[in-house]
Amino acid sequence: PPFGAGASALESPPLVVSWLGATAFTAQLTWWLAVVAACLVLVGLAFRVSAWLLVFAVVQLWRLTPDGGDGIDALYRVVLPLLAVSSAHATWSCDAWLARRGGKPSSRLVPAWPRYLLIVQLLWLYFSAAHHRGKASWGPAGGFSAVGEVLGDPHFARFFPGSLQPGYPLMQLGTALTMLFEYSAPLMLLWTWFDNRPGRGGWFGDAVRRLRVRWLWLGLGVSLHLGIAVSMQLGVFPFGILALYPLLLRPEELSAALGRSQAWLRKAGTPARSTA
């Protein structure tokens, strides 16, 4: 009192507290605003307005409880404003559907810079995380034991501590691959640049494309986050990160993947013909 739980960590009270007072109702109303705005963003209805409402709500929730969030909350406080100023609702959204019903042609081109900024943000998250892993257990001096330590902590481990001990060498490998993956994150910009044009990079670029280094990096990232989701209790974190991975694919790659998926679904839905 009089400004709520977050007042001791802030120089000024959150806006919602200044407007509505430091009550449970204020916190509940802010939370419901975030829920409704998130649903509208998901379906792309009144996208720009709902996106900025979501930005406002998540920032206010953070200011109400500054120590109540984790890394994924901080990341999405960066992601959401960039989505709000983008044209992410140009195609697969209720806004686009309503526009087509109204006779307005769909937009085939949208600004690329929000995607580029989000790519840099995601890669910086990995690179920065690697530099903040100061414990020796993340490196050879500590025997690459960090993942094993985490999976032995009942606060984080999904399975009973010690039950995965027979797989300890795999945990060491996972620790080493995590560090390799995170430290190499900035190189993803180079791998993508090579992949965009077959002739770039000379013999080195040819080797990168032939070995599919970019796809190996993406596959390693997906595997690491799925491994976290299976073995650790970190809430939405691994899925929140994976939700950003489509950024790392070129539009034509996404279109090709969609086309293959549609062809597979059509083939799967075609009844088998008897040759009798």
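Which pairs do you get when a residue that is farther than 14 Å from L125 by Cα, found in the stretch 233-249, comes within reach of a residue that is among the aromatic types (F, W, Y), reach meaning Cβ atoms under 8 angstrom, with the pair 6+ apart or on two chains?
Q233/F156; L234/F156
Taking the options F160, F156, name whichever one is touching a strand residue (DSSP E or B) at 6+ places or on another chain (Cβ under 6 Å) and open to solvent by 60 Å² or more (accessible area, probe 1.4 Å).
Sole residue among the options that is touching a strand residue (DSSP E or B) at 6+ places or on another chain (Cβ under 6 Å) and open to solvent by 60 Å² or more (accessible area, probe 1.4 Å): F156.
Of the residues L190, L177, L211, which is over 22 Å from the mean Cα position of the chain (by Cα), open to solvent by 40 Å² or more (accessible area, probe 1.4 Å) and at pLDDT 90 or above?
Exactly one residue qualifies, and that residue is L211.
Looking at the stretch 225-241, is at least one residue within 30 Å of A157 (Cα to Cα), in a helix (DSSP H, G or I), among the β-branched types (V, I, T) and open to solvent by less than 30 Å² (accessible area, probe 1.4 Å)?
First, pick out the residues of the stretch 225-241 that are within 30 Å of A157 (Cα to Cα): 225-241.
Next cut, in a helix (DSSP H, G or I) only: 225-231, 237-241.
Restricting the remaining residues to those that are among the β-branched types (V, I, T) gives 228, 230, 241.
If we keep only those that are open to solvent by less than 30 Å² (accessible area, probe 1.4 Å) as well, we get 241.
Within the stretch 225-241, one or more residues are within 30 Å of A157 (Cα to Cα), in a helix (DSSP H, G or I), among the β-branched types (V, I, T) and open to solvent by less than 30 Å² (accessible area, probe 1.4 Å).
For the stretch 193-208, give me the residue count where each residue is loosely packed, with under 13 Cβ neighbours inside 10 Å and among the aliphatic types (A, V, I, L, M). Don't jump to the end; show me each part of the working.
Of all residues in the stretch 193-208, those loosely packed, with under 13 Cβ neighbours inside 10 Å come to 196-199, 202-204, 207.
After this cut, where a residue has to be among the aliphatic types (A, V, I, L, M) as well, the list is 207.
So the answer is 1.
Taking only the stretch 165-212 into account, find how many residues are in contact (Cβ under 8 Å) with a residue 60 or more places away in the chain and not in a helix (DSSP H, G or I).
Number of matching residues: 2.
If you take the residues of the stretch 41-51 that are under 19 Å from the mean Cα position of the chain (by Cα) and buried (at least 17 other Cβ atoms within 10 Å of the Cβ), which of them is farthest from D95 (Cα to Cα)?
If we take residues in the stretch 41-51 being under 19 Å from the mean Cα position of the chain (by Cα) and buried (at least 17 other Cβ atoms within 10 Å of the Cβ), then A51 is farthest from D95 (Cα to Cα).
Taking the stretch 214-224 only, how many residues are of a type in the set (S, T, Y) and crowded, with 18+ Cβ neighbours inside 10 Å?
The total comes to 0.
Quick check on the stretch 140-153: of everything there that is more than 12 Å from M179 (Cα to Cα), in contact (Cβ under 8 Å) with a residue 24 or more places away in the chain and assigned to a helix (DSSP H, G or I), which residue is most open to solvent (accessible area, probe 1.4 Å)?
V150
For every residue, the table says whether it meets (1) within 20 Å of the chain's Cα centre (by Cα); (2) at pLDDT 85 or above; (3) among the basic types (K, R).
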| position | (1), (2), (3) |
| --- | --- |
| E11 | no, no, no |
| A27 | no, yes, no |
| V58 | yes, yes, no |
| R63 | no, yes, yes |
| D67 | no, no, no |
| V79 | yes, yes, no |
| L83 | yes, yes, no |
| L98 | no, yes, no |
| R101 | no, yes, yes |
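Among the residues of the stretch 133-191, which ones are among the acidic types (D, E) and in contact with a helix residue (DSSP H, G or I) (Cβ under 7 Å, 6 or more places away or on another chain)?
E149, E182
Would it be correct to say that A129 is more than 24 Å from M188 (Cα to Cα) and modelled with pLDDT of 90 or more?
When the stated conditions are applied, A129 does not pass them.
Which ranges mark the helices (runs of 4 or more DSSP H) fully within the stretch 65-139 that have 1 or more residues being open to solvent by 60 Å² or more (accessible area, probe 1.4 Å), within 26 Å of H225 (Cβ to Cβ) and not polar (S, T, N, Q)?
Filter on the stretch 65-139 gives 71-84, 113-131.
The values are calculated or read from the model by the stated rules, or taken from the named source; none is laboratory data. Remember, predicted model here, so these are calculated numbers, not experimental data. Neighbour counts are summed over all protein chains in view; Cβ atoms, including those assigned to glycine, are modelled from backbone coordinates with ideal geometry. Accessible surface areas use protein heavy atoms only, side chains included; no ligands, DNA or RNA. Shrake-Rupley method; radii C 1.70, N 1.55, O 1.52, S 1.80 Å.
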